[in-house]
Amino acid sequence: MYPLLLCSLASWAVIIERILVYRSLGRSLHSFHLEALNALLRSDRQALRALCQRSAALPTSRILSETLDRLESKDHRLRQGWGEALERRRQFINHELRRNLWILGTIGSASPFIGLFGTVIGILRSFHEMARTGSGGFNVVAAGISESLIATAAGIVVAVIAVMAFNAFQTRWSSLVLTIKLQMEELSEMIATIGNDQNHGA
């Protein structure tokens, strides 16, 4: 039961942490995107920089900040490769957003087997006790078996919670990844348009 207790505590810690992260992202991504678009429409890079600094924890802010660094670089190779850099950073952030979900998947898969192992150990102990005392019958092993079956039940409960949370977070993660992808595509189009306009003006 101790491994199952640790698994349960770990899964609830991940569940609470992911709920807080995903809920915060859902509220902040939209407002940041609108403000960033506003700054780009005005061609105001200083306002865009300030916005990225204020929202440094947001994935889109980090991607945009790195893009601006490249666009303002003196090295023309860095300036030319800003689109590829943006996509690489976005892929890395997609991976970051899945952080700790593997823990839920592992617990969901392993908990029933941990519970079953506890049940087997409990039954073996019951039969060992029966052999030691020399008395037999269902009455002798019933108490031990009933206690050992609790481990199986606990393992199933822990696994069900972990798997349900894992599936829910996978769905939420997919939604956030799509949102970030679409927002960054729109922002990169605006950046490219502004860059072209500036080049034509020059």
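FYI, it's all coordinate maths here, none of it is from the lab. Keep in mind that this is a model prediction, so the values were computed, not measured. Positions of Cβ are backbone-derived with ideal geometry, glycine not excepted, and every protein chain shown enters the neighbour counts.
Some points to look at:
- Rounded to 0.05, the FRET efficiency of the residue 185 and residue 120 pair, given R0 = 41 Å and the Cβ-Cβ distance, is 0.15.
- The residue 24 and residue 131 beta-carbon pair, evaluated with R₀ = 41 Å, returns a calculated FRET efficiency of approximately 0.10.
- Length gained when the stretch residue 77-residue 164 is fully extended (0.36 nm per residue, less Cα-Cα span): 26.6 nm
- Separation in nanometres of the label points that stand 7 Å from Cα toward Cβ, at residue 145 and residue 87: 6.2 nm
- For the pair residue 173 and residue 106, label points projected 7 Å from Cα toward Cβ lie 1.4 nm apart.
- Stretch gain in nm, segment residue 156-residue 12, where the contour uses 0.36 nm per residue and the Cα spacing is subtracted: 50.3 nm
- Length gained when the stretch residue 66-residue 35 is fully extended (0.36 nm per residue, less Cα-Cα span): 9.4 nm
- The share of C-alpha pairs in the chain whose separation exceeds 24 Å stands at 58 percent.
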